[in-house]
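A quick write-up on the structure given underneath.
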Amino acid sequence: MTRPAARVAVLISGEGSNLQALIDAEKAGRLGARIVAVVSNRGAARGLERARTAGIEALYLPAARGQERSAYDAALAALLAPREPDLLVLAGFMRIFSAGFVDQFAGRMLNIHPSLLPKYPGLDTHRRVLEAGESLHGATVHFVTAELDAGPAIVQYRLNIRAGDTPDSLAQRVHVGEHVILPRAVSWFAAGRLRLSGGSVMLDGRALHEPVAFDEGGPLE
């Protein structure tokens, strides 16, 4: 019996380059999943147009002025419910969720973050990494938990910081890696290889003690 394709909803707030990487992977038959909806909290997000171009339902859900976080999250959950997603992917979604929303989708929500978590959660990571004099930087795909950028890491893309790197040059190089590791993590989930169990990341039935690592220019097993 053929396993039905996992249904994926992607949440965005802006450009949607990681969304495009997912769309491209689906078209190439590398995702093993079907993107059924793209939702943005910003109507001008270019990612919505990327979705429409690909024939994917594009939805805009704005936050009302003064709206409680939990109220927005309830509206988002209601919007997603008829689409029946198996997985939510946060691809540059610039909102923090309430604990109730995270619990509702526990083990079924992935986020991509532009740093080697647990280092540098939050915003402006490329500048902060340079100011700290780090030699390594990258991106992390992790399961979402109630604590910001603190969920268990699944896979990381790592690169060496070069002399003369700027926040912009680092952002461009990290984006390249994001577009590799996010579709890979989604494909693992869609194939039933990846799950969250008791706070531990399980890949192919084994607990990951550290995230799978992909070095810039190297192979990803």
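Just to be sure, is GLY133 out of contact with any strand residue (DSSP E or B) (no Cβ under 7 Å at 6 or more places or on another chain) and free of Cβ contacts under 8 Å to residues at least 12 places away in the same chain?
So GLY133 fits the description; yes.
For segment 80-166, please list each of the strands (runs of 3 or more DSSP E) lying entirely inside it that holds at least 2 residues being of a type in the set (Asp, Glu) and either closer than 19 Å to HIS179 by Cβ or in contact with an Asp or Glu (Cβ under 6 Å, 6 or more places away or on another chain) (or both).
By residue number, no strands (runs of 3 or more DSSP E) qualify.
How about segment 51-66: which of its residues are loosely packed, with under 12 Cβ neighbours inside 10 Å and not in a helix (DSSP H, G or I)?
Passing the criteria: GLY55, ALA64, ARG65, GLY66.
Out of all the residues in segment 3-12, which are in a loop (DSSP other than H, G, I, E, B) and touching a strand residue (DSSP E or B) at 6+ places or on another chain (Cβ under 6 Å)?
Passing the criteria: only ALA5.
Please determine, by comparing only the residues of segment 69-97 that are in contact with a Ser or Thr (Cβ under 6 Å, 6 or more places away or on another chain) and crowded, with 17+ Cβ neighbours inside 10 Å, which one is farthest from ALA21 (Cα to Cα). Working first, answer last.
We begin by selecting, within segment 69-97, every residue in contact with a Ser or Thr (Cβ under 6 Å, 6 or more places away or on another chain); these are 69-70, 73, 92-94.
Next cut, crowded, with 17+ Cβ neighbours inside 10 Å only: 73, 92-93.
On the way: ASP73: 26, GLY92: 13, PHE93: 15 Å.
The qualifying residue farthest from ALA21 (Cα to Cα) is ASP73.
ALA5 - would you say it is among the small types (Gly, Ala, Ser), surrounded by fewer than 21 Cβ atoms within 10 Å (Cβ to Cβ), over 12 Å from VAL89 (Cα atoms) and at pLDDT 95 or above? Step through it out loud before you land on a result.
Numbers: among the small types (Gly, Ala, Ser): yes; surrounded by fewer than 21 Cβ atoms within 10 Å (Cβ to Cβ): yes; over 12 Å from VAL89 (Cα atoms): yes; at pLDDT 95 or above: no.
It is false that ALA5 is among the small types (Gly, Ala, Ser), surrounded by fewer than 21 Cβ atoms within 10 Å (Cβ to Cβ), over 12 Å from VAL89 (Cα atoms) and at pLDDT 95 or above.
The values are calculated or read from the model by the stated rules, or taken from the named source; none is laboratory data. Everything numeric here is computed off the predicted structure, so don't read it as measured data. Cβ coordinates were reconstructed from backbone atoms using ideal geometry, including for glycine residues, and neighbour counts include every protein chain displayed.
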